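Below is one structure, written out as structure tokens; comments come after it.
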Amino acid sequence: MAIEGLERIVGAHALFAGFGDEFLELVSGCASNVRFRAGEYLCREGDPADQIFMVRDGHVAQEIGAPGQGRMTFLTIGPNSVIGLAWLVPPYRWTYDARAQDDVRAISLDATCLRGKCDRDPALGYEVMKRFMPAIVKRLHDTRLQLLDVYGARS
Amino acid sequence: MSTVLAPNPQADPMVPVLARITRRIEEVPDVVTFEMEAPDWNGFAPGQFNMLGVFGVGEIPISISGPASEPDRLVHTIRAVGPVSRALAGLAEGAALGLRGPFGNEWPVETARGRDVVVIAGGLGLAPVRPVLYHLLENRNDFNKVILLYGARRPEEMLFTGELSAWRARFDIEVAVTVDHAAIGWHGHVGVVTSLLRNVGFDPASTSAFVCGPEIMMRFAARALVDAGVAPGEIWMSMERNMHCAIGLCGHCQLGPVFICRDGPIFDWARLKPLMMQEEL
């Protein structure tokens, strides 16, 4: 029986859609299938950001606690989205908790593995960076809008 | 001998009639909905507004938020945010207030017949588009897909939650809501309202969009719709400015070459974009 690699699944995710076969193979070498039941945490604030989660099914709430305000969800993401941008820059630490809102299936990329491959192959590193940059820019843009608090009352 | 005639409200749009609040509904903190009766009220078109006034305090434009198909039922939703709106929102059932209107143009729902319709509302902006939603659902067979995307600051500040739940239960309208942030326990979407666009399917070449909310939200919603392939001339939004006379005389609501009260408040993005992108206009 032939064992199917993860290239097809990784390549089917929006993050790596259309990625070259050779690079896809390299990235998939760092990938594994993961599942989380509703309520389980994918990562916790302060832990090493040693994984990237490419969500395939389900929804994940990104949460943070603030003194006097309790815990707060500041973003939810669903299928074809990515959790984990902190793997790109030192000190590689999660800055929030990510909790499965319902049962979640995802591809986990070993961040240390992927960083190593990107360091050794700048062409791969550049292509991977180009895939992550739109997500980073979009998060920045959305965060800016949230900070503007556009629905807040103004007199 | 000359005779001094009392102003005829029907003939003079600057003269208010005396309306009365028949029902007061607390929607969320600082937001109330009034059902009102007014003499000679003959109904309105979705998108139009009235000038509501508290005697001795002032007058402000408020969109009509009830169904246009029930001309006897006049509904306004008001957020207490400034001196006049606070005075209005503080009125009790049975209280009298001044009313002029209806003014302004309407959401072009007739041009959306046979097309997909995407309604994007943010915060209190759900109130001005609610008449459109009533119209779409009352004439459901006239339209293809109907999608409502609604964003609010927090779950506790979402308007018309009972109706949102009822609409979500229907099979002929897709409803997605999001909040900017939420306490733990909220199982819905968190993120900006434009992020909901990625999760819904519509044919951009045959889509009309009706957008209402804070101006910056509408700007980014329009851009997201254009990025999705919707024609700028098919993206309609309701503008808000400092309207006083409501009939295009005083110029307070002038935005470049247009008066929001007289030429709007509904404009398409193709016309609005150059005006909205100009600072201090």
Determine one quarter of the surface area of the Cα convex hull of chain B, which equals its mean projected area, and express it in nm² to one decimal. 16.4
Space enclosed by the convex hull of the alpha-carbon atoms of the range B:109-212, per residue, Å³: 94
Per-residue Cβ contact counts at 10 Å, fewest first, order A:Y126, B:Y150 as A:Y126, B:Y150
Amide H neighbours of B:A152 under 5 Å, at least 5 residues apart or on other chains, H built in the peptide plane: list them. B:G123, B:T178, B:V179, B:D180
Hey, quick one: spin label on B:E93, modelled 7 Å out along Cα-Cβ, who in the range B:22-62 has an amide N within reach, i.e. under 15 Å? B:22-27, B:33-37
Return the average number of partner chain Cβ atoms within 10 angstrom of each residue Cβ along peptide B:190-203. 4
Scoring only Lys, Arg, Asp and Glu (+1, +1, -1, -1) among other residues with Cβ under 13 Å from the Cβ of B:I78 yields -2
Projected area averaged over all directions for the convex hull of the alpha carbon atoms of the protein assembly as shown, nm², comes out at 26.5
Averaged across the residues of B:52-58, what count of C-beta atoms belonging to other chains lies within 10 Å of each residue's C-beta? 0
As I understand it, the dipole of the range B:19-155 uses +1 on the Cβ of Lys and Arg and -1 on the Cβ of Asp and Glu, about the Cα centre. Which of B:L97, B:P46, B:A80 lies farthest toward its positive end? B:A80
Taking A:K117 as the anchor, which aspartates and glutamates have their alpha carbon closer than 19 Å to its alpha carbon, excluding any fewer than eight residues away along the same chain? A:E7, A:D21, A:E22, A:E25, A:D50, A:E127
Could you give the size of the charge dipole of the range B:55-104 about its Cα centre, using +1 on the Cβ of each K and R and -1 on the Cβ of each D and E, expressed in debye and rounded to the nearest 20? 180
Taking the mean number of other Cβ atoms within 10 Å as a proxy for protection, how do you rank A:45-57, A:80-92 from highest to lowest? A:45-57, A:80-92
If you take the Cα atoms of the range B:62-140, find Rg, then find the Kirkwood Rh from the mean of 1/r over all pairs, what is Rg/Rh? 1.01
From the C-alpha gyration tensor of chain A, square roots of 5λ in Å: 29, 18, 15
Which order do B:V211, A:V10 fall in if you start with the one that has the fewest other Cβ atoms within 10 Å? A:V10, B:V211
Assigning unit charges at the beta carbon (Lys, Arg +1; Asp, Glu -1) and nothing else, what dipole magnitude in debye, to the nearest 20, does the range B:17-103 show about its Cα centre? 180
Within the under-10-Å Cβ sphere about B:I147, not counting B:I147, Lys/Arg +1 and Asp/Glu -1 give a net charge of -1
Label-point separation, B:T22 to A:T112 (7 Å along Cα→Cβ), nm: 7.2
On the first, second and third principal axes, largest extent first, how far apart are the outermost C-alpha atoms of the range B:17-103 in Å? 30, 26, 23
Local electrostatic count, B:T33, Cβ distance below 9 Å [Lys/Arg +1, Asp/Glu -1]: -1
Volume per residue of the C-alpha convex hull in the range B:199-281, rounded to whole Å³: 88
How would you classify the range B:37-87 from its alpha-carbon gyration tensor, with a ≥ b ≥ c the square roots of the eigenvalues: rounded for a/c under 1.5, else prolate if a/b is greater than b/c, otherwise oblate? prolate
Antiparallel bridges, percent of DSSP beta bridges restricted to the protein assembly as shown (to nearest 5): 75
About its Cα centre, what dipole magnitude does chain B give when the only charges are +1 on Lys and Arg Cβ and -1 on Asp and Glu Cβ, stated in debye to the nearest 20? 260
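FYI, it's all coordinate maths here, none of it is from the lab. Computed from a predicted structure; not experimentally measured. Cβ sites come from the backbone with ideal geometry, for glycine too, and all protein chains shown count toward neighbours.
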